[in-house]
Amino acid sequence: MKRFKQRFTGHQISVSMIMWLIAFAALTCGAGITYAVLKNDQIQVARDIKQMNEEIASCELTKEYYRSKTSSLTSRWAIRDRLAQDKSNLQPIEPSAVEYISSENASRIAAAGH
């Protein structure tokens with residue numbers, strides 16, 4: 001029975017130690033995967049924020065463009081020039097002919113008109 005002689009067991013790892021190593025490896029892998037997923041989400045959110053900021057800047061430029069365009073088209077002097085170019089029959093209103101109505105008198109005047 002020399003063939004079945006017992007081996008030296010001093011360097012063997014116990015089953016409980018293997019289970020602890022597997023648990024630690026699974027925990028470490030799980031933490032790594034969770035970190036990668038969260039980092040990917042963070043990068044995606046940063047990209048979305050950057051894209052939104054670019055769109056906001058574009059909208060601000062568009063708003064300023066249209067604001068300057070409308071202010072140049074609706075200014076009193078531009079309207080007068082266009083009316084003169086179109087040979088319109090409209091005449092300017094004298095400031096003395098303008099009547100200003102305060103907010104407390106507006107309801108009384110509106111009621112009197114009916």
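The values are calculated or read from the model by the stated rules, or taken from the named source; none is laboratory data. Remember, predicted model here, so these are calculated numbers, not experimental data. Surface areas here come from the heavy atoms of the whole protein model, side chains and all, with no ligands, DNA or RNA. Shrake-Rupley method; radii C 1.70, N 1.55, O 1.52, S 1.80 Å.
Which residues, taken from the range 57-98, are among the hydrophobic types (A, V, I, L, M, F, W, C) and open to solvent by 100 Å² or more (accessible area, probe 1.4 Å)? I'd like the intermediate steps shown before the answer.
Of the range 57-98, the ones among the hydrophobic types (A, V, I, L, M, F, W, C) are 57, 59, 61, 73, 77-79, 83-84, 90, 93, 97-98.
Result: Leu61, Trp77, Leu90, Ile93.
Kindly state which helices (runs of 4 or more DSSP H) lie completely within the chain and contain at least 2 residues that are modelled with pLDDT of 95 or more and of a type outside the set (Ser, Thr, Tyr).
Working: elements: 15-74, 76-85, 103-113.
In the chain, the matching helices (runs of 4 or more DSSP H) lie at 15-74.
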